[in-house]
1. For segment 93-109, name all the residues that are out of contact with any strand residue (DSSP E or B) (no Cβ under 9 Å at 6 or more places or on another chain) and farther than 17 Å from residue 147 by Cα.
2. Give, as residue ranges, the strands (runs of 3 or more DSSP E) completely inside segment 33-151 that count at least 3 residues that are away from the ligand (no atom under 14 Å from the Cβ) and surrounded by 14 or more Cβ atoms within 10 Å (Cβ to Cβ).
Ligand code: FES
């Protein structure tokens, strides 16, 4: 588990073991572990006496939660029309080859998770790549690789 049992109990105590605070509890676990580890969900379900199915549905419903380990950095390539026309697909293929990961996947060293989005809202900068909260415009294959080397 990527979060200790002791830390989990502290988080539960901070929320007075109140099932009404379930989302806040899951947010804390997500922040600390980087995802919602299955053993952590089992412990929370047991301690709060809530069905595991409820935790699973919350974990899959909210985009802020992940049931799988994610990378330290999220690389998001825009696959909207403007970015696609200007070479976004080629940038994506280069990153997939370079990082040895498919879209939605996380690198073996858990440094990067690769995602796509339909439009980042800055089409004049196409093709666009976002790394965490940083927007990088007018992307090409070699620039994308260079940028990720800085992380
Ligand atoms: S289509 Fe890529 S930013 Fe809009």
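Quick note: the coordinates plus some simple rules give every number you see, no bench work behind them. Nothing here was measured: the structure is a model prediction, and the numbers come from that model. FYI the Cβ positions are ideal-geometry reconstructions off the backbone, even for glycines, and counts take in every protein chain you see.
1. 108, 109
2. Counting at least 3 such residues, we get 73-78, 112-117.
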